[in-house]
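A.B. asks: Quick one: the structure is below, questions incoming.
The values are calculated or read from the model by the stated rules, or taken from the named source; none is laboratory data. A quick note: this is a predicted structure, and the numbers were derived from the prediction, not measured. Here Cβ is always computed from backbone atoms with ideal geometry, including for glycine, and neighbour counts include all displayed protein chains. Remember, those area values only see protein heavy atoms, side chains included, never the ligands or the DNA or RNA. Shrake-Rupley method; radii C 1.70, N 1.55, O 1.52, S 1.80 Å.
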Amino acid sequence: MNAVIDIGTNTIRAVVYDEDMTELFNQGVVSKILDYTADGILTVAGVVWLSNVVGTLSVMAEQFAVKPKAFATSAFRELKNADDVADDIKEYTGIEIIILSGDGEAMCDYLSLKKYSGKGIGVDLGGGSCQIISFDGDSYCGKSYPVGVKRIKNKFVSST
């Protein structure tokens, strides 16, 4: 049994799955990381909010007798205080957050796609970043760009 918490720009999601990769549990929460970010810093209110979300999703996953691993992507990795936030969340919840680099995120996309196809091109357009990959068997090329739909909306669309 395995469990992950994916801390993304659009959604924070916990998934529990068995050894055959059959999904047993899937719960998501709308991410507000960018909403709680000021000048590249996650605010105290944001740290409290995110700690509560990670803690709650962790407790839900632990109902399956498995402790989740947590991964953070674009909005989190670009925080100026990302390491401090990860430390605070670990202290509050006991969950260590692995902050994926853009290249690491692209590699995860590759590994997921490779499971279903021997070769191809993939685009992962998220809320904070976009990963573009191409692969043919074990030959892989991937790049991450700090362009995502939520980031673009926040930059170019006014609320008025």
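A.B. asks: Looking at region 112-122, is at least one residue charged (D, E, K, R), in contact with a strand residue (DSSP E or B) (Cβ under 9 Å, 6 or more places away or on another chain) and more than 22 Å from Q27 (Cα to Cα)?
C.D. replies: So far as region 112-122 goes, yes, one or more of its residues are charged (D, E, K, R), in contact with a strand residue (DSSP E or B) (Cβ under 9 Å, 6 or more places away or on another chain) and more than 22 Å from Q27 (Cα to Cα).
A.B. asks: Tally up the residues in region 66-78 that are hydrophobic (A, V, I, L, M, F, W, C) and buried (at least 20 other Cβ atoms within 10 Å of the Cβ), please.
C.D. replies: So the count comes out to 4.
A.B. asks: Which of (1) over 13 Å from the mean Cα position of the chain (by Cα); (2) open to solvent by 70 Å² or more (accessible area, probe 1.4 Å) is the odd one out, the single condition V30 does not satisfy?
C.D. replies: (1)
A.B. asks: Shifting gears a bit: Among the residues of region 6-23, write down those that are out of contact with any Lys or Arg (no Cβ under 7 Å at 6 or more places or on another chain) and either open to solvent by less than 30 Å² (accessible area, probe 1.4 Å) or not in a loop (DSSP other than H, G, I, E, B) (or both).
C.D. replies: Answer for region 6-23, where residues must be out of contact with any Lys or Arg (no Cβ under 7 Å at 6 or more places or on another chain) and either open to solvent by less than 30 Å² (accessible area, probe 1.4 Å) or not in a loop (DSSP other than H, G, I, E, B) (or both): I7, G8, T11, I12, R13, A14, V15, V16, Y17, E23.
A.B. asks: Please note which helices (runs of 4 or more DSSP H) are completely contained in region 55-155 and include at least 3 residues that are polar (S, T, N, Q), farther than 20 Å from V4 by Cα and touching a residue at least 12 places away in the same chain (Cβ under 8 Å). Full working, then the answer.
C.D. replies: Details: elements: 74-77, 82-93, 102-116.
The helices (runs of 4 or more DSSP H) meeting that bar number zero.
A.B. asks: Answer yes if at least one residue in region 96-112 is open to solvent by less than 20 Å² (accessible area, probe 1.4 Å) and under 21 Å from A38 (Cβ atoms), and no otherwise.
C.D. replies: yes
A.B. asks: While we're on this one: How many residues does region 24-54 hold that are touching a residue at least 40 places away in the same chain (Cβ under 8 Å), closer than 20 Å to G127 by Cβ and either assigned to a strand (DSSP E or B) or hydrophobic (A, V, I, L, M, F, W, C) (or both)?
C.D. replies: Number satisfying all stated conditions: 9.
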